[in-house]
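First up is the structure itself, then whatever we jot down about it.
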Amino acid sequence: MKKINRRNFIRRSVAAGAGLSISPALFSAGHDHGSGQDVRIGIIGLDTSHSIAFTRIINNPEDEDMRGYRVVAAYPYGSRTIESSYTRIPGYTEEIKSMGIAITGSIRELLGMVDVVLLLTNDGTLHLKQAMEVFEAGKMVFIDKPVAGSLKDAIEIFRAGERYGIPVFSSSSLRWARHAQALRSGELAGRIIGADAYSPALIEPTHPDLFWYGVHGVETLYTVMGTGCREVKRFYTEGTDVVVGTWHDERLGTFRGGREGRTGYGGTAFGLDGVHDIGPYDGYRPMMLELIRFFGTGEPPVKASETIEIFAFMEAADESKRRGGAAVLLDDVMRAAAG
């Protein structure tokens, strides 16, 4: 008799009780690469280069780690209002089509063709509405940065995922750099007592300042520091942001975001056993491995509480800017956003 994985059985039962359609390919203890049945992945949003890069990695026939998973369909939209995003859609759509990926006319059509979803729409203000369609169809979903266009929407996305019993996670690919992970585990520098992280921090007026691009550096900071930030102060100039976070245990973590000159990604972690660079950046493939593991197990590799705190940190930074650099408590912005 085949052994039943009790945890997965419970998940299926919860989903069935909610009236959801869960693909039998999901919630396995690990996808059977010898089954001959690929887990079909759908993409929402062809307004970002991630749609091309992720597809190339996942659909690479020579990559043994990606066997059993395939991007098969994509819905192009995607932003219709942010010029730097929507102008990319025609070109990326043609490129995706040239890879043999079906282009659908709606999210609903896409959801009928796939088992799991990559929500890659660059415009975070659309994510809550798009994610709700995915949850209602009973599909697991990865949501690319930013998880939402506001802290309120970010909280609601994770609440909805829990309500529907659908696994969901979001992260920047910077999180999965090998040095960042080794620092987080204590392997490289012991217990982390402070860190400085940096990234570009280009501003998109439809989003809180750091949501659009600063999220990469803030997530790098959180990867090595962990959760528990109490308050932030933001120092803003036209070309640079410096945000100082004070954790509950009095550790200090800083994010530096650049908007002029040459910028990059990285930082420095300060541990009890030494000081170590957080970089270098290792590209998208480490995150693709996490995605495949997520789709095979149903276990999000990043807790919702950590992602929400990252966005509370950035929301508090916006509020600090409005207050002329005054300290802002994360609990205050969380209460305001949670209603």
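The values are calculated or read from the model by the stated rules, or taken from the named source; none is laboratory data. This structure is a prediction, so every number in the text was calculated from the model and none was measured. Using ideal geometry, Cβ is built from the backbone for each residue, glycine included, and neighbour counts are taken over all protein chains shown.
Worth a mention:
Every residue, every condition in (1) of a type in the set (A, V, I, L, M); (2) outside the structural domain of GLY325 (by TED's automatic domain parsing); (3) surrounded by fewer than 17 Cβ atoms within 10 Å (Cβ to Cβ); (4) more than 13 Å from ILE192 (Cα to Cα), yes or no:
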site: MET225; (1), (2), (3), (4): yes, no, no, no
site: CYS229; (1), (2), (3), (4): no, no, no, yes
site: VAL232; (1), (2), (3), (4): yes, no, no, yes
site: GLU238; (1), (2), (3), (4): no, no, yes, yes
site: TRP247; (1), (2), (3), (4): no, no, no, no
site: GLY258; (1), (2), (3), (4): no, no, no, yes
site: ASP277; (1), (2), (3), (4): no, no, yes, no
site: PRO280; (1), (2), (3), (4): no, no, yes, yes
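- Among residues of segment 162-172 being under 25 Å from GLY214 (Cα atoms) and not hydrophobic (A, V, I, L, M, F, W, C), the one that is surrounded by the fewest Cβ atoms within 10 Å (Cβ to Cβ) is SER172.
- Enumeration of residues in segment 35-49 that are buried (at least 21 other Cβ atoms within 10 Å of the Cβ) and not in a strand (DSSP E or B): GLY45, LEU46, ASP47, THR48
- Taken together, the residues in segment 173-223 that are closer than 24 Å to SER51 by Cα, surrounded by 21 or more Cβ atoms within 10 Å (Cβ to Cβ) and of a type in the set (A, V, I, L, M) amount to 6.
- Restricting ILE4, ILE10, ILE22 to those that are modelled with pLDDT under 50 and crowded, with 21+ Cβ neighbours inside 10 Å reduces the list to ILE22.
- Taking the criterion of being outside the structural domain of THR223 (by TED's automatic domain parsing) and surrounded by fewer than 14 Cβ atoms within 10 Å (Cβ to Cβ), the residues of segment 284-334 that qualify are GLU299, LYS303, SER305.
- Residue list for segment 195-206, restricted to those being in a strand (DSSP E or B) and among the charged types (D, E, K, R): ASP196
- Test: GLY100 is part of a loop (DSSP other than H, G, I, E, B), more than 21 Å from PHE135 (Cβ to Cβ) and not hydrophobic (A, V, I, L, M, F, W, C): yes
- Given (1) touching a Pro at 6+ places or on another chain (Cβ under 6 Å); (2) over 20 Å from ASP144 (Cα atoms), index of the condition GLY339 fails: (1)
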